[in-house]
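Below is one structure, written out as structure tokens; comments come after it.
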Amino acid sequence: MTAGPSGPEENKGQPGLVSAALSGLCPRCGARTLFEGPAQLAETCSVCGLDILSLERGGRFVGILTMLLALVLILAALTTDEWLRPPLWATFLFWGPVTVGSVVFALRFWKTMWVYHQYEESQQP
């Protein structure tokens, strides 16, 4: 007995969202063509021709995600400063890369999640 279109046979071997976000994998062909820049979606997949920008309709919520992440990072930085009292140079040396990395990862994860969701919705009969 074979599984239906949404069964385990079709999803077998598919990457998880975290690995797809980190690698920038296309939802259709799995090539590393989802992003043009660190957090900028490509217009189309150069391998299979999937129109990626037409799938990305959740862009207006990215600002809310970024503000929530900024709030968490600010609270973490203030708590760390209160408990450890590091010198100013150490604070900048640590929180600068942590902030940039966190924002880029969160944006990539959100956009990948949204594009994969929209792609799956568009494939439904």
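Each value in this text was obtained by applying a stated rule to the coordinates, not by laboratory testing. Quantities reported herein were computed from a predicted structural model and do not represent experimental measurements. Using ideal geometry, Cβ is built from the backbone for each residue, glycine included, and neighbour counts are taken over all protein chains shown.
Things to note:
- Cα-centred dipole magnitude for the chain, charges only on beta-carbon of K, R (+1) and D, E (-1), debye, nearest 20: 160 debye
- Sequence-separation-based contact order of the chain, relative, with Cα cut under 8 Å and 6+ spacing, percent: 30 percent
- Angle between the chain longest axis and helix 62-84 axis [Cα atoms, degrees, rounded to 10]: 30 degrees
- Rounded tilt (10° steps) of 88-123 against the dominant C-alpha axis of the chain: 20 degrees
- Placing a label point 7 Å from the Cα of residue 94 along the Cα-to-Cβ line, the residues of the stretch 48-85 whose backbone N sits under 16 Å from it are 73-85.
- GNM top mover of 82, 56, 43 - the chain, alpha-carbon springs below 10 Å: 82
- Top positive-direction residue, dipole computed over the stretch 8-123 with Cβ charges, set 72, 31, 122: 72
- Among (1) 13.4, 38; (2) 14.9, 49; (3) 18.4, 65, the entry derived from the coordinates for Rg and Dmax of the Cα atoms in Å: (3)
- Each residue in 28, 60, 108 was given a count of other beta-carbon atoms within 10 angstrom of its own, and listing them fewest first yields 60, 28, 108.
- Most fluctuating residue given options 53, 75, 25, as computed from a GNM of the chain linking Cα atoms under 10 Å: 75
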